[in-house]
Amino acid sequence: MALNAFRITEEPYYHSIANEIALFEAAYSARMPMMLKGPTGSGKTRFVEHMAWRLGRPLVTVACHEDMTASDLVGRFLLDAGGTVWHDGPLTQAVRHGGICYLDEIVEARQDTTVVIHPLTDSRRVLPLEKRGELVTAHPDFQLVISYNPGYQSVLKDLKESTKQRFAAIEFGHPSFDAETRIVCTEAEVPEEVAARLVRIAASSRNLKGHGLREGASTRMLIHAARLVARGVALATACDIALVLPITDDADLRDAVRAAIAVAA
Ligand code: ADP
C-alpha cells in the first residue's frame, strides 16, 4: 500500500537487445544489487521501468546529484505543528516496503553519501537510520539498482572500488542497426525509412567519438530528431537541433558532425 504511487501499471515499451531481461530476472530473484552501465540515453532507465513492471514491483527512482546528502536518501526529522516528525526518504521507503530503488547516475553523488548503501548491498540487507537510532531490515522484495556512465569517469568522480564491487552489472551500448531502427520507429512514430536514415546518421556521429566528441549521438537524441521530422521539420534541420547543437559547443567539431551527417543522409 505504502508504495502504490510508485507502481507501474502500463507496460513501458522496451526493445530487448540481448538476454538482459532474463539476466535481470535471475538477479532479482537472488535480490542481487545491480549496476546498469552505459552511456546516457542508451535505455537504462527505460529498462529498469520495464523490469519493475514485469516483476510487479514498485519503482522508486532518485536522480543523484552532487549536493545530495545521505538525509535526502534515508530521511530526516521535519518540524510540523505537533513537533518534529520523522519522514522516510525514498531509499528508506523502498527498503521498508519492498520496492526497487533506482539510483540514477550514482556517480554524481558524493562518496560519503554513497556509502549509506553499503550495508544494504551485502548479506546484512539493513539500512541504519543513525539520526533516528533505527536499523531497518530490508523487505524481502527490496532490490537496489544503480546506473553508471563509465564515459564520465574521472579520478575525482568515480565510484569507490568498495562500492563498485557490491554490484553485478549489465552493459548497455548502442543497439544494432535493426534494433535501434525499431526503437526509433516505435517511440517517435515515424516510418521505418526515416528511422533507418537517422540510425545511419547516428552511426557516423559515433565514429567521431574520441576525435573530440566525448560521446556519439544517443538513441534518445535520434528519437528527438525523429519526433521533429514527424511534425514536419526537414531532416537536416531536425538533425541540427536535436543532434549537432546539443552534442558539442565547439564550432569546428559541429562542422565535422554536420559533414558526417550529410554523407550519411
Ligand atoms: P538512460 O537511462 O540510459 O540515460 P533512457 O532509458 O532514458 O536512457 O533512454 C532514452 C530514451 O531512449 C528512452 O526514453 C526510450 O525512448 C529510448 N530507448 C533507448 N533504448 C531503448 C530500448 N531498448 N527500448 C525502448 N526504448 C529505448
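Only the coordinates and a few stated rules stand behind these numbers; no lab work does. Just so you know, these numbers come straight off a predicted model, no measurement behind them. With ideal geometry, Cβ positions are generated from the backbone for all residues, glycine too; neighbour counts draw on all protein chains shown.
Place the peptides 84-95, 38-49 in order of packing, highest mean first, counting for every residue the other Cβ atoms within 10 Å and averaging per peptide.
In descending order of packing, they fall as 38-49, 84-95.
Mind pulling the angle between the C-alpha long axis of helix 251-264 and the longest principal axis of the chain? Nearest 10 degrees, somewhere in 0 to 90.
Rounded to the nearest ten degrees, it is 70.
Whole number please: convex hull volume per residue, Cα atoms of the chain, in Å³.
Values: hull volume 41.3 nm³, N = 265.
Cα-based convex hull of the chain, divided per residue, equals 156 Å³.
Can you list residues whose amide H is under 5 Å from residue 75's amide H, if they're 5+ apart or on another chain and H is modeled 1.01 Å from N?
So residue 75 has HN proximity to 89.
Report ³J(HN,Hα) in whole Hz for each residue of segment 185-192, in order, from the Karplus equation J = 6.51 cos²θ - 1.76 cosθ + 1.60 where θ = phi - 60°; Gly and Pro get x.
3, 6, 6, 9, 6, 10, x, 4
Taking Cα pairs under 8 Å and at least six residues apart, what relative contact order does segment 189-265 come out at, in percent?
Over segment 189-265, the number comes to 39 percent.
Let's test this: bin the Cα-Cα distances of segment 66-172 at 10 Å from zero up to the farthest pair and state each bin's percent.
Bin by bin from 0 Å, the calculated values are 13, 45, 30, 9, 2.
Each residue of segment 18-28 in turn: what ³J(HN,Hα) in whole Hz from Karplus with 6.51, -1.76, 1.60 and θ = phi - 60°, glycine and Pro shown as x?
Residue by residue, segment 18-28 yields 9, 9, 5, 5, 5, 5, 5, 4, 5, 5, 5 Hz.
Per residue, what volume in Å³ does the Cα convex hull of segment 1-159 take up?
Considering the Cα atoms of segment 1-159, their hull volume per residue is 126 Å³.
For the chain, find the longest principal axis of its Cα atoms and tell me its angle to the long axis of helix 44-55, 0 to 90°, nearest 10.
Relative to the chain, helix 44-55 is tipped by roughly 60 degrees.
Please give the peptides 198-207, 160-169 ranked by average Cβ packing (other Cβ atoms within 10 Å per residue), highest first, as a rough proxy for protection.
Ranked from most to least packed, the peptides come out as 198-207, 160-169.
For the chain, take the longest principal axis of its alpha carbons; what is the angle in degrees between that and the long axis of helix 219-230, to the nearest 10 within 0 to 90?
That helix lies at roughly 50 degrees to the long axis.
Which three lengths, in whole Å and largest first, does segment 143-235 cover when its Cα atoms are put on their principal axes?
So the extents along the principal axes, rounded to whole Å, are 50, 35, 21.
Can you check what the net charge comes to around residue 92, using other residues whose Cβ is under 14 Å from the Cβ of residue 92 (Lys, Arg +1; Asp, Glu -1)?
+1
In the calculated pair distance distribution of segment 107-265, what percentage of Cα-Cα distances lie above 29 Å?
Pairs farther apart than 29 Å: 40 percent.
So what's the projected area for segment 1-79, the Cα convex hull averaged over all directions, in nm²? Provide the component values of the computation, followed by the final result.
Numbers: hull surface 29.3 nm².
Its average projected convex-hull area is 7.3 nm².
Please report the antiparallel percentage of the DSSP beta bridges confined to the chain, to the nearest 5. Intermediate values should be presented prior to the final figure.
Numbers: 10 of 28 bridges.
Percent antiparallel among DSSP bridges in the chain is about 35.
What number, rounded to the nearest 500 deg cm²/dmol, is the helix-based mean residue ellipticity at 222 nm of the chain, given -39500 (n - 2.57) per DSSP H run of at least four residues and division by all its residues? Mind showing how you got there, number by number?
Values: 11 runs with 101 residues, N = 265.
That comes out to -11000 deg cm²/dmol.
Would you give the gap between the C-alpha center of segment 88-160 and the C-alpha center of segment 1-28, rounded to a whole Å?
19 Å
In whole percent, what relative contact order does the chain give with Cα contacts below 8 Å and a gap of six or more residues?
Answer for the chain is 20 percent.
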